[in-house]
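Worksheet: one structure, shown below.
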Amino acid sequence: MNCTMTRKKRRRAWGSIDPVKPNAKYILRWYENTPQGRVRRCETFYGTYKQADLRMSQLRLEHAEDAPCATVGQAYSSWYLPSITRRMESGDLSEGSFRQYTRIWDSVIAPRWDGVPLDSVRPLDVQEWLTSQKRGNAQAALSVLRSVGAFAERYEVAPNRFAIKYELPPHENARRKGVLTLDQADAMFHRLHGARCESAFILACFGSCRSGESLGARVDEVSSFEVGGMVFATVPITRRMEHSGFLPIESLKTPESRRTVCVPPPYSERLLDIAHALASDRIEWLAHRGDGLPMNRGQLAHAWAAESGNPIPFQNLRNSWRTFAQLEWGVGSDTLELLMGHKLPGTTGAHYMRPKGDTLAHRFAEDFASHFCELGKVRQK
């Protein structure tokens, strides 16, 4: 007796999913109305049945006349999430930003809005929900929701009711926005001599590095050159440390973040001394935690607070550099923006201004040396 049983075909309210190879390959079929009349469509889909079912739901939202209005969650999974995934894979969006967007969806947005139809979103409900959140969460969540709503509006599913102006909750503790003057930065430089966070401080405050970038440099990557009798130190920025973890990651915030930074004298001389001493001790990482491994951002925050007195957040050192590098060192604004890993605005930034290698470092050094020659000023240890 033949006991072989055929797999029962699953009935659907719209369209059909026919297996070619279960949990691997399916043929999706549906009807849609076109200017030429009602047309039968099909699509070959590779993946699991669950993924094929999700794809069929997307097709129904896009093509079925009787399709229910998409929920906020369906718009997120159908359009927004694939979009930011492609941007991350192409390098247009950093992995950190991708994780931030998906985390804010999972922890803050989805519990409230996942199953709400887009045409049932009421601005009053949105405002009440935002008011109940912390300001940082509200700001990040509203940004994601506006993008999700924009996809729905683009595909004529529902108007983007997240796009109107909403009032955000007040700041609980206003983030400190102070910067160090050059005199204050110089005093801190002397105070931190021999401290755990010294090399990271030099790279951030006198070399434009972001917090994570200041921790990802290897000892053997520190080099030097001379301009006008002055010694400058350079470090290529190719990786960064995260808030936790033992080793840096290779991805940076933006493609423009991959650059070579330049530290002027006298801070360059101290950085070169640190690198030489660590090389003699066969320590690989410039900002190490004591056992040879690099500090992560969490460990840096503790070291900075303990050793500096925490006059400003560590991340503000980069803003300090941007201020006194232009106003007191006379370095051109475009050079500084590129050294910070920013793209210049307009056509110039998009297509023409793409310096490579040490070009920016040498331009910075030439501006610095020229300013010193004109004013007869240079800070000594």
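The values are calculated or read from the model by the stated rules, or taken from the named source; none is laboratory data. The structure presented is a predicted model; accordingly, all values stated were derived computationally and were not measured. In this analysis, Cβ positions are derived from the backbone assuming ideal geometry, glycine residues included, and neighbour counts consider all displayed protein chains.
Summary table below
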read-out	value
Filter result for residue 311 (assigned by TED's automatic domain parsing to the domain that holds residue 211, surrounded by fewer than 20 Cβ atoms within 10 Å (Cβ to Cβ) and out of contact with any Pro (no Cβ under 6 Å at 6 or more places or on another chain))	yes
Of the criteria (1) more than 19 Å from residue 259 (Cα to Cα); (2) at pLDDT below 95, which one residue 331 fails	(1)
Enumeration of residues in the range 299-347 that are in a loop (DSSP other than H, G, I, E, B) and among the acidic types (Asp, Glu)	328
Top-ranked residue in the range 338-381 [being aliphatic (A, V, I, L, M) and out of contact with any helix residue (DSSP H, G or I) (no Cβ under 9 Å at 6 or more places or on another chain); ranked as modelled with the lowest pLDDT]	350
Filter result (surrounded by fewer than 16 Cβ atoms within 10 Å (Cβ to Cβ) and acidic (Asp, Glu)) within the range 282-308	284, 291
Every residue from the range 275-295 that is under 27 Å from the mean Cα position of the chain (by Cα) and either closer than 22 Å to residue 263 by Cα or in a helix (DSSP H, G or I) (or both)	284, 285, 286, 287, 288, 294, 295
Some residue of the range 151-166 being among the aliphatic types (A, V, I, L, M), crowded, with 21+ Cβ neighbours inside 10 Å and within 30 Å of residue 81 (Cβ to Cβ)	yes
Single residue of the range 112-135 satisfying the filter (assigned to a helix (DSSP H, G or I) and of a type in the set (A, V, I, L, M, F, W, C)) that is nearest to residue 168 (Cα to Cα)	130
Options 164, 109; residue that is in contact (Cβ under 8 Å) with a residue 24 or more places away in the chain and either within 28 Å of residue 242 (Cβ to Cβ) or assigned to a helix (DSSP H, G or I) (or both)	109
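Residue by residue, here is whether (1) at pLDDT below 90; (2) within 25 Å of residue 24 (Cβ to Cβ); (3) more than 20 Å from the chain's Cα centre (by Cα); (4) not aromatic (Phe, Trp, Tyr) holds:
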{"residue": "34", "(1), (2), (3), (4)": "yes, no, yes, yes"}
{"residue": "41", "(1), (2), (3), (4)": "yes, yes, yes, yes"}
{"residue": "95", "(1), (2), (3), (4)": "yes, no, no, yes"}
{"residue": "98", "(1), (2), (3), (4)": "no, no, no, no"}
{"residue": "102", "(1), (2), (3), (4)": "no, no, no, yes"}
{"residue": "107", "(1), (2), (3), (4)": "no, no, no, yes"}
{"residue": "114", "(1), (2), (3), (4)": "no, no, yes, yes"}
{"residue": "122", "(1), (2), (3), (4)": "no, no, yes, yes"}
